[in-house]
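Undergrad: Quick one: this structure, given as structure tokens, is what I'll be asking you about.
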2 protein chains.
Amino acid sequence: MNQGASRFSTARSARELITKTQHFTFANSPEEMVLESGHRLGPITVAYETYGALNKDRSNAILIAHALTGDQHGAGKYDESDKHPGWWDDMIGPGKPLDTNHFFIICSNVLGGCRGTTGPASINPLTGQPYGMSFPVFTVRDMVRVQKALLDYLAIERLLCVIGGSMGGMQVLEWAVTYPDQIDGVLPIATSGRMTAMGIAFNEVMRQTIMLDPAWNQGNYYPGAGPAQGLSIARMLGMITYRSDELFGLRFGRRMARSRPDDYYRYDNRFEIESYLHYQGEKLVKRFDANSYLYLCKAMDIYDIGRGRGGLAKALGRIKAKTLFVGIDSDWLYPPSYMVEMTKIMEKKQKAVEYKELKSHHGHDAFLIEFDQMSPIIKDFVQSLAEAKGL
Amino acid sequence: MNQGASRFSTARSARELITKTQHFTFANSPEEMVLESGHRLGPITVAYETYGALNKDRSNAILIAHALTGDQHGAGKYDESDKHPGWWDDMIGPGKPLDTNHFFIICSNVLGGCRGTTGPASINPLTGQPYGMSFPVFTVRDMVRVQKALLDYLAIERLLCVIGGSMGGMQVLEWAVTYPDQIDGVLPIATSGRMTAMGIAFNEVMRQTIMLDPAWNQGNYYPGAGPAQGLSIARMLGMITYRSDELFGLRFGRRMARSRPDDYYRYDNRFEIESYLHYQGEKLVKRFDANSYLYLCKAMDIYDIGRGRGGLAKALGRIKAKTLFVGIDSDWLYPPSYMVEMTKIMEKKQKAVEYKELKSHHGHDAFLIEFDQMSPIIKDFVQSLAEAKGL
């Protein structure tokens, strides 16, 4: 085993990953992290998981960046009886596209998250109380710098690849632009180089809905459950934007959730699509902190890889990593055109860039669903990076 | 002047319409109207406006059906100093596409509305209190039957045309299917034959947001302002769905609403798109009742012209009116495909049907904006109907 073994939870079984979340803390006083905003934040704890083993050269590390409501539990189970594997378990594991027999996979909860990484629900050491809305606004760049600190701690100087979709794809692009000399390849999925007005619009409606819930109480609800209704409704809206008209039509159509025909003319009747959304909303509330949701949506809104770098094209010009954009034809939240635009910009600049598109009626979330299409794309890309390094 | 002249507010000026809202009441006890649900409702007052004069044969009447937040004030001003003409004033008036020198135009506030027609804010005669959420669920068919009662009162047996967009288009289709022998032509715009799962999904999020506002109070807020915040947020969401990603990008992009650069990293910063949406939300609250919004959205959700008629195709088979569907290429709430589908069904059935499409980046609301494209379409269609009748 290598030097840093104690910091890694590696797969013990060739057939199934058993994992655990680890924690790393940095930016202790007086060395707080200076955020992009200029605010200081510390200490910062990062919750992370790793799968597979780091090789001798420490050259087989792949970072997975999660989306808005994702977390560090990207793959595996916490014990044999665990019924819910990580959110990308179909992609990560022994013999899977991100093969833990060959690669060392790292997945961490983002800054501002609520699954162990420092966020609004964490205790502010200056007050002894949860930060709540006094948590400083952070950016996708800050998320990436926190991930970099984790990698420094793990003594990983170079990443073979960074992969992620949606907000994860934003982190991927920030990685590529911020640390161009330390990554071999990047795979941003269903994402954009800057948040669009339409994306900001949906995020603002979701924020306003959470804040409308009296239980939000200006963010001061800990240790209570908080604005469960507001967060649930926000999630319902989010789910609409992650899917497609076609999918909803095929899957739910106009079927009523309950079969009693007299319900049709009741105000409180429900179509199946409504029941589905309520279910999704209530499910998220059990595992997610509303203030984290607010801050992460804000981080997406102010995300712009061109900011302070002379614009989108100049920022993309910094990238040295081999880049594979993956879009989804039915994604109307982050339409393929955004990624096609970036691909064209990079092509003009003679970058090693490619664009591939999933055919799916699942919409934005297809990258979490269409494993048959995702698997060869990811496997081949990572394989090509590995071969280029002689791994 | 004809017999019913006192019931009409006709144009006095050849250049500008001066109008007033009139009222008509029917369904008095014990002859309440039996709604599609089986519930009885009465008395029902209808607020309406008319423009132009009815001809001797009473054969030049055109009914305009309004959308969700529209009303009976389709055209003209209430007095010379009035700065806000009706919502389709560009289309209706002397010399305009719906020329009041030739046609008699009727526009009424829908059942369940809040601008004078009986709705949730009206007094329930049985209790002496506003209905609130005890108002019965009504349907688009019920709206149309109330309009039919108004036409009976005006002694108009036949309509030259029924025109409307969005929820107005649903009424148009219901008219065509319910009263096939009493209409010469129908012009449904940016609409569908039944609400889709995606449409129901957005409506449910809007309803939940209104109901989340503590000021909603189960609908018992009269004579107070009611759930202003909840309704405002619902409207913000509605506005997103009525426009397009492209429009928002062109019009607002990522510009900040305030120029102070240090605002960028504040949680309460605002992009221009956010300010625009807040403005639209606050504007609606001043003129719209939240309970009406809830009921009208529900009426749209349960709208299905095929219900109880053997399905969409069979319902469309009843239509005898010349039909012109108008879609909008950037409309993702009621995509052109829905209207193309209905056109094809009617073509197969040898109906006099046509489909035209507006080219616009304005999205669903283009029918309220793209007058240069709308004008010839509407003018030509109505003219052809008039010529066929020798008007």
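Undergrad: From the list A:Tyr334, A:Tyr264, A:Tyr338, which residue is under 20 Å from A:Gly70 (Cβ atoms) and within 14 Å of chain B (Cβ to nearest Cβ)?
TA: Just a single option satisfies the conditions, and that option is A:Tyr334.
Undergrad: If you don't mind, there's one more thing I want to ask. Out of A:Ala155, A:Ala190, A:Ala121, A:Ala176, report the one residue that is under 26 Å from A:Gly308 (Cβ atoms) and out of contact with any His (no Cβ under 8 Å at 6 or more places or on another chain).
TA: The conditions single out A:Ala176.
Undergrad: Do we have A:Gly238 as in a helix (DSSP H, G or I), crowded, with 21+ Cβ neighbours inside 10 Å and more than 18 Å from the chain's Cα centre (by Cα) here?
TA: The answer is no for A:Gly238.
Undergrad: Next question, about the same structure. Restricting attention to region A:312-360, report how many residues are in contact with a Phe, Trp or Tyr (Cβ under 7 Å, 6 or more places away or on another chain), surrounded by 18 or more Cβ atoms within 10 Å (Cβ to Cβ) and part of a helix (DSSP H, G or I).
TA: Final tally of qualifying residues: 3.
Residue by residue, here is whether (1) surrounded by fewer than 23 Cβ atoms within 10 Å (Cβ to Cβ); (2) at the interface with another protein chain (Cβ under 7 Å from one of its Cβ atoms); (3) in contact (Cβ under 8 Å) with a residue 60 or more places away in the chain holds:
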site: B:Ser232; (1), (2), (3): no, no, no
site: B:Arg255; (1), (2), (3): yes, no, no
site: B:Ser275; (1), (2), (3): yes, no, no
site: B:Phe288; (1), (2), (3): yes, no, yes
site: B:Asn291; (1), (2), (3): no, no, yes
site: B:Ala299; (1), (2), (3): no, no, yes
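Undergrad: In this structure, is B:Ile210 within 18 Å of the chain's Cα centre (by Cα) and assigned to a helix (DSSP H, G or I)?
TA: no
Undergrad: Of the residues A:Tyr295, A:Tyr265, which is surrounded by 23 or more Cβ atoms within 10 Å (Cβ to Cβ) and aromatic (Phe, Trp, Tyr)?
TA: Just a single option satisfies the conditions, and that option is A:Tyr295.
Undergrad: With the requirement that a residue be more than 9 Å from chain B (Cβ to nearest Cβ), of a type outside the set (A, V, I, L, M, F, W, C) and in contact with a strand residue (DSSP E or B) (Cβ under 7 Å, 6 or more places away or on another chain), what does region A:182-230 give you?
TA: Hits for region A:182-230 are A:Gln182, A:Asp184, A:Gly185, A:Pro188, A:Thr191, A:Tyr222.
Undergrad: Taking the conditions exactly as written (charged (D, E, K, R), assigned by TED's automatic domain parsing to the domain that holds A:Leu187, touching a residue at least 12 places away in the same chain (Cβ under 8 Å) and surrounded by fewer than 22 Cβ atoms within 10 Å (Cβ to Cβ)), does A:Asp90 satisfy them or not?
TA: yes
Undergrad: Quick check on my filter: what residues within region B:285-311 are under 23 Å from B:Met198 (Cα atoms) and assigned to a helix (DSSP H, G or I)?
TA: B:Ala290, B:Asn291, B:Ser292, B:Tyr293, B:Leu294, B:Tyr295, B:Leu296, B:Cys297, B:Lys298, B:Ala299, B:Met300, B:Asp301, listed by residue number.
Undergrad: Let me confirm something: among A:Ala155, A:Ala215, A:Ala197, which residue is in contact (Cβ under 8 Å) with a residue 24 or more places away in the chain and either touching a Phe, Trp or Tyr at 6+ places or on another chain (Cβ under 9 Å) or surrounded by fewer than 24 Cβ atoms within 10 Å (Cβ to Cβ) (or both)?
TA: One residue alone meets the criteria, A:Ala155.
Undergrad: Given A:Ile106, A:Ile183, A:Ile189, which one is under 19 Å from the mean Cα position of the chain (by Cα) and under 20 Å from A:His23 (Cα atoms)?
TA: Every option except A:Ile106 fails the conditions.
Undergrad: Does any residue of region A:165-178 turn out to be without any contact (Cβ under 8 Å) to a residue 40 or more places away in the chain, in contact with a Phe, Trp or Tyr (Cβ under 9 Å, 6 or more places away or on another chain), assigned to a helix (DSSP H, G or I) and not assigned by TED's automatic domain parsing to the domain that holds A:Leu237?
TA: Within region A:165-178, not a single residue is without any contact (Cβ under 8 Å) to a residue 40 or more places away in the chain, in contact with a Phe, Trp or Tyr (Cβ under 9 Å, 6 or more places away or on another chain), assigned to a helix (DSSP H, G or I) and not assigned by TED's automatic domain parsing to the domain that holds A:Leu237.
Undergrad: Can you tell which of B:Arg287, B:Arg307 is at pLDDT 95 or above, farther than 30 Å from B:Glu347 by Cα and charged (D, E, K, R)?
TA: Just a single option satisfies the conditions, and that option is B:Arg287.
Undergrad: Next question. Go through A:Pro180, A:Pro188, A:Pro223 for me and flag whichever is surrounded by fewer than 23 Cβ atoms within 10 Å (Cβ to Cβ) and farther than 26 Å from B:Gln208 by Cα.
TA: A:Pro180
The values are calculated or read from the model by the stated rules, or taken from the named source; none is laboratory data. Treat the numbers as computed from the prediction; the structure is a model and nothing was measured. Cβ atoms come from the backbone with ideal geometry, glycine included; neighbour counts cover every protein chain shown.
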